[in-house]
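Novice: Take this structure, written in structure tokens, and hold onto it; I'll ask about it next.
The values are calculated or read from the model by the stated rules, or taken from the named source; none is laboratory data. Just so we're clear, the structure is a prediction, and the values are computed from it rather than from any experiment. Reconstructed Cβ throughout: ideal geometry from the backbone, glycine too, with neighbour counts over all protein chains shown.
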């Protein structure tokens, strides 16, 4: 029995509110249960100097968490003067995941920045971020295309992410904070709507795990990502 | 005629959603029109070392803005590795304003941190922050009292803030971004529900202003703060 | 009775020594009693990149305090690796105040930096800085004009600043450190010689103040600024 | 055909020189072909403040690369004033991997820091680091036990790591720099000598990969880790 | 012929104004010609944590230069967020020099910090700093002794410093900025009034120098230091 | 009797392994007994912006020490976020020393960076760095000349460095860590193979020293540098 009462292969309720942010070219408030992340996509029609002149664009991500998104207040990274290793690891993962489904040549010499800010945290903030970022990116690219600044769609597929883990000896989908704190193995999967894997990260928190456990988690992740792909299609009207 | 069509002494619609944040001891999502700030109050039952042993508590504030809260994306302060002068000025003002209505002796040896994070910006983010912070602080202190950890209420009055300015030669209340960018004089007033002034900051952006202008802005501020006090009372059920 | 024995509307002795610094294009050692600030004006004939090409100049300020300018040694900001919020707030105020009396178009594409370094502190360092900075700026602009690099004077008026406060229930002018530490309300006023207000900042340190108090402080500030304007004219030979 | 001429399941030559560092409690110069990493283990008999008093020890890691370990000089992180996101990600991975085979209760209230410094880089620096770190850690713990400061061995198993990838459509083991720069999928596996998985990180650099590819890479990794386990046993005389 | 018209073995005029700073326990405004440095000595009756409990005191120094002390404005180290290598080298030298004539056991568990701030620079700022720091330190220690907090004088001798160099092929004493910019060899000597050497630093800026040149510079330094010792005695009334 | 049993004028065994680093244009692993420094020379065919367009090249150095190069672990400068004053002082000295024997005009508009990383420390790391850096620089320049990118050799002479000191009242050559920790006077000499002095730095750690001591140390340094010059010639085949 999971603390939340969910079945082992049940996602938390997924909510994706597109266009939540007034100013951004694309945005999505994504909720996986009590985990709420606001993602915005900002389009800049010029690249930073080190990326210019290659005929390609760039998609990048930044991640942050409001100090009191969590049970106890964490210190503000801007006040501490640096981003933690965890923050950097997460924003690198988000950027890689979205680039995996974007054709940089087709995007052209522009940069899209995906800002993922966790308003409220209850486990799975990085996977919610990736999943919501796709919606914001889709909206931003639709906007560029609507202005006739882009003729071929550079977004090759949907991408979604979900966490799975071994909790009390059982493989379970979409860990919330209570499960995550106590899981023996913790894994994040990033998948495309075309069935491909973009990233697998599976970490033993306690005892090592075996190949069968990895495969069980992978099967759960497919179930979860399919739910997310459906929610993304609803949110973007596709 | 104001760009928004408002009367010179009209506030934007004020919305205050108390308890918006799941984990915080107090919280308020405050909206002045399109300016949306999420304020949380975090209670810590012990003080940082430099404040200990004086029999008094402390109320402090931190302020941040999501990178795409604004028309064009601003850089993330955590990524730049420092808070701007503007950010520090604002968070110092918020802290001072809330301390002005809190009796530190009565609060006892605990610290309350008010995190004000701008989700969406359209002018007046610091005044909305102060106004919403009072609601979050009120909730947090009510919580401490409900647990019988505090017998006498240390919150002496309500505090609210509003911006006023001279736009196109007219004194107007509660500037939005369009007016603010173009105002000749820009002033922020922090007032208490007992009629006192906590802070006046009036800056000539272009030509200097005169004493009569200052007084006209002050009169407008009283009107605006009264509206905010009413909204605060509704939000906190007082 | 004030601790210093001064009348409520009496400034400390004002001394302004123009040309104190050997190398700077303009400079002034300004003394308000025991508060001594060395201000230099540095003219650069080119702007930083983000200001170029707009046909306008820029006036900016930096502020610092020697570690032992104060009663007890403060830590050196260069050694700590960052400027405090207070320092940034003050240098932003100084810059704004001097820009308020300078026509940026007339100044042309050059930048003048006003460095205000507190050699000795006894209250009112920011107001002394602004007042002395005007002398240094006047000298620097005179120098540019003398070289025929500027035909129309971009300096529109004098600007001066003074602090006032409520001490022991009385409104008093030009607070020294002893009064400042103990004042109920602390206000800084920046005024022009043409009678205009550039900045009003009035803060309740203890109980809130009322409108009458604000007006009383404003009247005292006019008296003080007039004394400073006279000293500035003597220092610059105008 | 691989650029190096190696068979798909062939490791580069593995060399592990224990005791390379004069001063450290444990050390190993580990070479995977032209990738050379110097690992030292430093034992401190007291914990940092935040870990004290829990009756457990801690194993942590830091990672660095000499500026000219690589084909072109990289900037020195100490001179830039911060560690890159990549560096932090790697040192977090190394620490986690070694902690996975160490019983913190048995280790007692002491900390062992594993410094992994890349002297020369040719792909696979993080996996060489983990593999060599085990040797340094084994030596350090042997030293503590030899001094009778520890009666039960806290090191539960060997741990090793290797990279695999899809290069030119083929799954290959232990990528060197040339292959790594050009691989479609890049994966790092951390395994224990008892057959368990500690960490799997598999990233699509270009097109997404499928489950079969992941399993093929996993099989290669087992082959590689077995070679490394053998080399570790030789190096530590076990 | 030297640019200044001075004889090869002539110091610039030396001026030492003790007690220049109102608040410091010791202070000296030292002038070597147009080089003006304000030195303050701050006594703290407790040591920083890492120096406590050894029954010894500590003397340390910090060095800074006002941005416009020089011909063209230098950037403010506090604004840049770090002290330059040059600044750190100088403040380490000042600290070492003063410690060389102070008995740390006799000083007892207190710390004296010597802040050397260059108000105006014309070459030789580090040697003027050391020379003036001795006066400030002497005053501070006299103050401690006058309060009967110290019975035996921990200051063992005077210490002074001067720069010498090879300019236009001639060995000259006390280089000003014009000579310094153009010197082939530049040397700083720190000496005690008891005839000892504390520090010699002689650097070839162009061609290497020979042993005879080093000895010639050393002889000049003795002449200069004797002048400084005399000025120190006058300033401290010894 | 020296702790190591060496004669007062005996160097430790000198070993210089040229070409130790696979990727660098020049490199040398230099050993002075148990002090081991890896020096690489990196040639960049363009200068940083502030050095461009003057028809001259530049030689610069960076210095670092692996955290466990020493008896007890030092903290990693990259993790602390800044280089210590000691590190900066040393890398400035190394750069100056190598520039003293390089004709910048002849070098042309290119930069050579000498990275000196201490793998193991036992006293004299800065002097070993300078001595080994000459070998790496010689190799790098030979490489440029071999590619016909430079017709006249810009390297004017050899440069070497050695430390000397007064230990137990005796002047001794090439101090190891044990002697260095306990020396009354500590001096570093940088000399050219043409007999010139590039830098003399002699510091009294305890009591001041006299002119005769300085000269004795200088004579020892000549003996040591001659040994190093011979080793450099062997290493570079000259």
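Novice: What is the one condition in (1) at pLDDT below 95; (2) in contact with a helix residue (DSSP H, G or I) (Cβ under 9 Å, 6 or more places away or on another chain); (3) within 30 Å of residue E:24 (Cα to Cα) that residue E:205 does not satisfy?
Specialist: (3)
Novice: Can you name the number of the only condition in (1) part of a helix (DSSP H, G or I); (2) touching a residue at least 40 places away in the same chain (Cβ under 8 Å); (3) more than 27 Å from residue E:221 (Cα to Cα) that residue F:175 fails?
Specialist: (1)
Novice: Filtering the range E:178-219 down to residues that are farther than 30 Å from residue F:157 by Cα and touching a residue at least 40 places away in the same chain (Cβ under 8 Å), which residue is surrounded by the fewest Cβ atoms within 10 Å (Cβ to Cβ)?
Specialist: Restricting to residues being farther than 30 Å from residue F:157 by Cα and touching a residue at least 40 places away in the same chain (Cβ under 8 Å), the top hit is E:192.
Novice: Moving on. Step by step: first the residues of the range D:26-42, then only those that are facing chain F (nearest Cβ under 9 Å) and more than 30 Å from residue F:45 (Cβ to Cβ), then the one that is surrounded by the fewest Cβ atoms within 10 Å (Cβ to Cβ). Which residue is that?
Specialist: Among them, the one singled out is D:42.
Novice: Examine the range E:53-61 for a residue that is in a helix (DSSP H, G or I), touching a strand residue (DSSP E or B) at 6+ places or on another chain (Cβ under 9 Å) and within 14 Å of chain F (Cβ to nearest Cβ), and state whether such a residue exists.
Specialist: No; the residues of the range E:53-61 include none that is in a helix (DSSP H, G or I), touching a strand residue (DSSP E or B) at 6+ places or on another chain (Cβ under 9 Å) and within 14 Å of chain F (Cβ to nearest Cβ).
Novice: Can you go through F:87, F:70 and tell me which one is at the interface with another protein chain (Cβ under 8 Å from one of its Cβ atoms), surrounded by fewer than 22 Cβ atoms within 10 Å (Cβ to Cβ) and not in a loop (DSSP other than H, G, I, E, B)?
Specialist: F:87 is the lone residue from the list that is at the interface with another protein chain (Cβ under 8 Å from one of its Cβ atoms), surrounded by fewer than 22 Cβ atoms within 10 Å (Cβ to Cβ) and not in a loop (DSSP other than H, G, I, E, B).
Novice: Taking the condition crowded, with 21+ Cβ neighbours inside 10 Å and either assigned to a strand (DSSP E or B) or within 14 Å of chain A (Cβ to nearest Cβ) (or both), does residue D:157 pass?
Specialist: The answer is no for residue D:157.
Novice: Go over the candidates C:114, C:137 one by one and state the one that is outside any helix (DSSP H, G or I), within 15 Å of the chain's Cα centre (by Cα) and at pLDDT 95 or above.
Specialist: The conditions single out C:114.
Novice: Can you pull out the residues in the range D:106-118 that are within 7 Å of chain F (Cβ to nearest Cβ) and surrounded by 24 or more Cβ atoms within 10 Å (Cβ to Cβ)? Before you say what the answer is, go through the steps one by one.
Specialist: So the first thing to find is which residues in the range D:106-118 are within 7 Å of chain F (Cβ to nearest Cβ), and the list is D:113, D:115, D:117.
Hits for the range D:106-118 are D:115, D:117.
Novice: Oh, and also: Please enumerate the residues belonging to the range E:9-52 that are touching a helix residue (DSSP H, G or I) at 6+ places or on another chain (Cβ under 7 Å), within 26 Å of residue E:165 (Cα to Cα) and in a loop (DSSP other than H, G, I, E, B).
Specialist: Those that are touching a helix residue (DSSP H, G or I) at 6+ places or on another chain (Cβ under 7 Å), within 26 Å of residue E:165 (Cα to Cα) and in a loop (DSSP other than H, G, I, E, B): E:9, E:11.
Novice: Here is a follow-up. Looking at the range C:62-77, which of its residues are touching a strand residue (DSSP E or B) at 6+ places or on another chain (Cβ under 6 Å) and within 13 Å of residue E:79 (Cα to Cα)? Step through it out loud before you land on a result.
Specialist: Restricting attention to the range C:62-77, the residues satisfying the condition of being touching a strand residue (DSSP E or B) at 6+ places or on another chain (Cβ under 6 Å) are C:62-69, C:73, C:76.
Matches in the range C:62-77: C:62, C:63, C:64, C:65, C:76.
Novice: In addition: Within the range B:180-238, which residues are more than 9 Å from chain C (Cβ to nearest Cβ) and on the phi > 0 side of the Ramachandran plot?
Specialist: Once the filter is applied, which keeps residues that are more than 9 Å from chain C (Cβ to nearest Cβ) and on the phi > 0 side of the Ramachandran plot, the range B:180-238 yields only B:237.
Novice: Still on this model: How about the range D:160-170: which of its residues are within 14 Å of chain A (Cβ to nearest Cβ) and farther than 28 Å from residue A:184 by Cα?
Specialist: D:166
Novice: Any residue in the range C:14-21 that is at the interface with another protein chain (Cβ under 8 Å from one of its Cβ atoms) and over 28 Å from residue B:88 (Cα atoms)?
Specialist: The initial filter retains those residues of the range C:14-21 that are at the interface with another protein chain (Cβ under 8 Å from one of its Cβ atoms), namely C:21.
Still in the list and also over 28 Å from residue B:88 (Cα atoms): C:21.
Yes; the residues of the range C:14-21 include at least one that is at the interface with another protein chain (Cβ under 8 Å from one of its Cβ atoms) and over 28 Å from residue B:88 (Cα atoms).
Novice: Looking at the range F:129-141, is at least one residue touching a strand residue (DSSP E or B) at 6+ places or on another chain (Cβ under 9 Å), within 16 Å of residue F:36 (Cβ to Cβ), within 14 Å of chain E (Cβ to nearest Cβ) and surrounded by 20 or more Cβ atoms within 10 Å (Cβ to Cβ)?
Specialist: Yes, some residue in the range F:129-141 is touching a strand residue (DSSP E or B) at 6+ places or on another chain (Cβ under 9 Å), within 16 Å of residue F:36 (Cβ to Cβ), within 14 Å of chain E (Cβ to nearest Cβ) and surrounded by 20 or more Cβ atoms within 10 Å (Cβ to Cβ).
Novice: For the range C:223-237, give me each residue that is part of a helix (DSSP H, G or I) and surrounded by fewer than 16 Cβ atoms within 10 Å (Cβ to Cβ). Steps first, answer last, please.
Specialist: Step one: filter the range C:223-237 for residues part of a helix (DSSP H, G or I), giving C:223-236.
Scanning the range C:223-237 gives C:226, C:230, C:233, C:234.
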